[in-house]
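Undergrad: Could you have a look at this structure, given as structure tokens, before my questions?
The values are calculated or read from the model by the stated rules, or taken from the named source; none is laboratory data. Just so it is clear, the structure is predicted and the values come from calculations on it, not from any experiment. Note that each Cβ is placed from the backbone with ideal geometry, even for glycine, and that neighbours are counted across all protein chains shown. Heavy atoms of the whole protein, side chains included, go into the accessibility calculation; ligands, DNA and RNA do not. Shrake-Rupley method; radii C 1.70, N 1.55, O 1.52, S 1.80 Å.
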Amino acid sequence: MIFIDMHCHSNFSDGKETPTWLAKRAKHRGVSFMALTDHDTTDGVAEFCHEAKHLGIRTTTGIEFSAEPPFDGTLHILAFRFDPKNEKILSLVPRLAEMREERNRQIAIKLQKLGYDITLEEVEQESGCGVVARPHFARLLAKKGLVRSEKDAFTCFLMRGAAAYVDRQRLTIDECFNVIKSAGGLPVLAHPIQCRLSDNKLDKFVAELKEKGLWGLEVFYGTNTVGTTKKHLELARKYNLATTAGSDFHSLNSHNHAKDIGISVEENTMPWAKVFS
């Protein structure tokens, strides 16, 4: 067995902890290989990689892109082993930030119209640095006593269909794959369960992504059931895709993600690990 984590978030996106904290936590947990995959930004990658290597943890560059799904679900694409100085990556990150900033402005306006004393400046302060996202709104609402918990903030205001929810512009699937491949990266379909597709439709969709250059499938995921993991492992094998493992860690008290870093997997399910040596 090996203990790894190829999907986690820092305070440069919607996680609560610094990249350095994550690396130290991984060392404490006995993680041997790890990647930081913040949403739409690489700002924390250099810090994380420096600390991880100092602690003897193997690592590589990582990021998680949101793509426009051709279905009513979530479509996130992880990218690994890309050149963080690639021109397309460097030009894309500010564009993605602008998309998020516009969405955040609209969420703040909706909350204000609902009578809640929330400003975008306060939310930005709550985030500390990097990408501002819905969890930062949830934390601020809970801190100000406007909701009982961050989970309630999502239920009442921030989840799809809720009173202050705002959708946002995303990359197309082709844009996402083109950027990743141009930077020498390896694209992976994150948490397939969140696509919310039937088994047959997910099979067809994975086949389409394979034609576009999909390299891997996040088979081992922090909140997967045993049955879900088994089905996704079979799907990866059917299309000769690499299997990756990620907790999707955001914080120790997250209400909808893994509670800690690291996933234990059979070493023979990760023969691709040599790519990151």
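Undergrad: Once neighbouring chains are kept in place and the probe is 1.4 Å, which whole percent of the accessible area of the stretch 183-222 is contributed by carbon and sulfur?
TA: Summing carbon and sulfur atoms, their accessible area is 48 percent of the total for the stretch 183-222.
Undergrad: Which three numbers, in whole Å and largest first, are the semi-axes of the equivalent ellipsoid of the chain derived from its Cα gyration tensor as √(5λ)?
TA: 29, 21, 19
Undergrad: Give the value in nm², to one decimal: projected area of the alpha carbon convex hull of the stretch 1-144, averaged over all directions.
TA: Across all orientations, the stretch 1-144 yields a mean hull projection of 10.4 nm².
Undergrad: Taking only protein heavy atoms into account and a 1.4 Å probe, give the accessible area per residue of the chain in Å².
TA: 46
Undergrad: For the charge dipole of the chain, defined by +1 on Lys and Arg C-beta atoms and -1 on Asp and Glu C-beta atoms about the Cα centroid, which residue among T59, Q106, T228 has the Cα displaced farthest towards the positive pole?
TA: Among T59, Q106, T228, the one farthest towards the positive end of the dipole of the chain is T228.
Undergrad: If you put +1 on each Lys and Arg Cβ and -1 on each Asp and Glu Cβ, how big is the dipole of the chain around its Cα centre, in Debye rounded to 20?
TA: Dipole of the chain, to the nearest 20 debye: 460 debye.
Undergrad: Provide the convex hull volume over Cα atoms per residue for the stretch 157-251, in Å³.
TA: Working: hull volume 12.8 nm³, N = 95.
Value for the stretch 157-251: 134 Å³ per residue.
Undergrad: Suppose only helical runs count, i.e. DSSP H with n ≥ 4. What mean residue ellipticity at 222 nm does that imply for the chain under -39500 (n - 2.57) per run, divided by all residues and rounded to the nearest 500 deg cm²/dmol? Walk me through the intermediate numbers first.
TA: Working: 9 runs with 107 residues, N = 277.
Dividing the helical sum by the residues of the chain leaves -12000 deg cm²/dmol.
Undergrad: Next question, about the same structure. Would you mind telling me the antiparallel percentage of the DSSP bridges in the chain, rounded to 5?
TA: Looking only at bridges with both residues in the chain, the antiparallel portion is about 45 percent.
Undergrad: May I ask which residue of G161, T18, V265 lies farthest towards the positive end of the charge dipole of the chain, with charges of +1 (Lys, Arg) and -1 (Asp, Glu) on Cβ and the Cα centre as origin?
TA: In the chain, that residue is V265.
Undergrad: Taking the chain as a Gaussian network, where each spring joins two C-alpha atoms under 10 Å apart, which residue of P94, P192, P135 fluctuates the most?
TA: Most flexible of the set in this elastic network: P94.
Undergrad: From Cα pairs below 8 angstrom and at least 6 apart in sequence, can you work out the relative contact order of the stretch 173-234, rounded to a whole percent?
TA: RCO, the stretch 173-234: 39 percent.
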